[in-house]
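Each reported figure results from applying straightforward, stated rules to the coordinates on display, with no laboratory input. The structure presented is a predicted model; accordingly, all values stated were derived computationally and were not measured. In this analysis, Cβ positions are derived from the backbone assuming ideal geometry, glycine residues included, and neighbour counts consider all displayed protein chains.
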Amino acid sequence: MDALIIGAGGFVGSYLIQELNQKNLHTGATILPREHIRSGFCDVFTLDIMQESEIKSLLRTHRPKYIYHLAAQSSVAASWKNPEFTIDVNIKGSLHLLEAVRSIPEYYPRILLVGSSEEYGYIKRQTSVTELTPLHPGNPYAASKACQNMLGTIYAKSYGMGIVMVRAFNHIGIGQSPTFVAADFALQIAEIEAGFRKPVIQVGNLSAKRDFSDVRDVVRAYTLLMEKGCAGETYNVGSGHAVPIQEILDLLLDYSTESIVIEQNPDKMRPSDVPVIQADISKLQADTGWTPVYSLEETLRSMLDHNRKNFGLL
Ligand code: A2R
Ligand code: GDD
């Protein structure tokens, strides 16, 4: 097997499978028992990353050259509600993977650990964060990913493992769960247009600024980093431009002819929310030559149009 994606039943997994298919790599993908692979061609395995013996036996049998570790509790909002589960899956799960690889004799795969821009958290005075910016995680999810990054760095240095780490900034696209902001707004607007809800959109904190990329650009960065990234190093993957969540909302509302009232929903507010997170992507660009292809406008439009098609509006 060339490549194995762990946690491929989620949003990014299906796009990464397609990217690896285009490179003609023999790809395996793990999912949880209740999940399915949404698109692309691959061998499918059931795996709970909390079961270290399961991951060991899968790796021993197939010995993939490249391992993409996507499995996670990926929601910041959910991490406030269930911090213990988040810590278990995101830290212990990653540790299980690293220990499983280490336990197999003469096995030296490249491993991509996917972390988050949320690891940076509350920064002072800077506009963009580089990989050297000190981490001040502001929520349990962010802390779990910062710890994953530390473990990856330690294992790469101490055991000479081929681990590359990324800090992914916000990524969006068709198929994302409406627990995340752009997918949520695009779904609500389409529901309003279809007459499934009254013309009021429920929002959370619109003042936060986040750095959004199209998921297709992001998975391309992951495969480039797998090939060209330095072991033991961390790379920001983002657009380099943060926009207020208000702007995401305004862009989507501009695509609609409905007259929609904006209503803040206290349930969508978090105990605290980092004000701005913007990437410096010079390291990624220098080491891989990566550059984003999709504009924020076209990605948002595609998400809204996809919902419209699902509701028979297009
Ligand atoms: O939480 P679920 O039921 O949607 O399943 C998620 C799965 N997952 C696990 N897989 C194996 N063993 C576990 N114990 C376990 N717990 C959760 O990982 C889901 O199918 C997948 C992660 O996909 P998403 O939640 O859709 O995240 P996305 O957007 O694909 O992000 C990929 C990576 C994650 O590490 C994020 O934290 C990072 O990029 O931003
Ligand atoms: N979900 C949601 N829903 N967020 C809202 C809403 C709303 O109605 N209104 C405003 N927001 C704000 C949140 O408070 C946050 O500041 C921002 O929109 C983005 O929230 P999410 O889309 O839920 O994403 P996230 O930034 O918390 O996490 C995502 O990006 C991370 C990278 O920065 C996830 O994909 C993580 O897995 C990823 O690591």
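With a 10 Å radius around each residue's Cβ, average the other Cβ atoms per peptide and rank 233-246, 194-207, highest first.
So the order, starting with the most tightly packed, is 233-246, 194-207.
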Pull up the DSSP beta bridges for the chain and report the antiparallel fraction as a percent, rounded to 5. 10
As a check on your grasp of the helix formula, calculate [θ] at 222 nm for the chain: sum -39500 (n - 2.57) over DSSP H runs of n ≥ 4, divide by the residue count, round to the nearest 500. -12000 deg cm²/dmol
How would you rank 157-169, 136-148, 49-61, highest first, on the average number of other Cβ atoms within 10 Å across their residues? 136-148, 157-169, 49-61
With charges only on Cβ, +1 for K and R and -1 for D and E, what is the dipole size of the range 4-61 about its Cα centre, in debye, rounded to 20? 100
Net charge around residue 31, counting only other residues with Cβ within less than 14 Å of its Cβ (Lys, Arg = +1; Asp, Glu = -1)? -2
Honestly the range 1-78 on the Cα gyration tensor test (a ≥ b ≥ c root eigenvalues; a/c under 1.5 rounded, otherwise a/b vs b/c for prolate or oblate) is just oblate
Would any residue of the range 35-73 have its amide N under 14 Å from a label point 7 Å out along Cα→Cβ of residue 26? List them or say none. 42-44, 61-66
Once you order the gyration tensor axes a ≥ b ≥ c over the Cα atoms, which shape class does the range 237-314 get: rounded for a/c under 1.5, otherwise prolate or oblate by comparing a/b with b/c? oblate
Just name one of 37, 96, 24: the one whose Cα is farthest towards the positive end of the charge dipole of the chain (beta-carbon charges, Lys/Arg +1, Asp/Glu -1). 96
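Just need the Rg to Rh number for the chain, please, alpha carbons only, Kirkwood Rh. All intermediate terms of the calculation are to be shown ahead of the outcome.
On the way: Rg = 19.3 Å, Rh = 20.0 Å.
Across the chain, the Cα-based Rg/Rh ratio is 0.96.
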Order by protection proxy (mean Cβ within 10 Å, highest first), peptides 173-183, 38-48, 249-259, 7-17: 7-17, 173-183, 38-48, 249-259
Can you give the extra length, in nm with one decimal, that the chain gains between residue 287 and residue 127 once fully stretched, where that is 0.36 nm per residue apart less the Cα-Cα distance? 55.4 nm
Quick one: putting +1 on the C-beta of Lys and Arg, -1 on the C-beta of Asp and Glu, what dipole do you get for the range 1-160 around its Cα centre, in Debye to the nearest 20? 280
Of the listed pairs 198/309; 157/228; 56/228; 65/157; 23/157; 23/81, which have alpha-carbon separations greater than 28 Å here? 23/157; 23/81
Cβ-defined net charge surrounding residue 217, 13 Å radius [Lys, Arg +1; Asp, Glu -1]: -2
Net charge around residue 151, counting only other residues with Cβ within less than 12 Å of its Cβ (Lys, Arg = +1; Asp, Glu = -1)? +3
Quote the charge dipole size of the chain about the Cα centre in Debye, to the nearest 20; the model charges only the Cβ of Lys and Arg (+1) and of Asp and Glu (-1). 540
Classify the range 71-158 from the C-alpha gyration tensor, please: rounded if a/c falls under 1.5, else prolate or oblate depending on whether a/b exceeds b/c. oblate
Extreme residue, positive dipole direction of the range 94-186, given options 141, 158, 175 (C-beta unit charges): 158
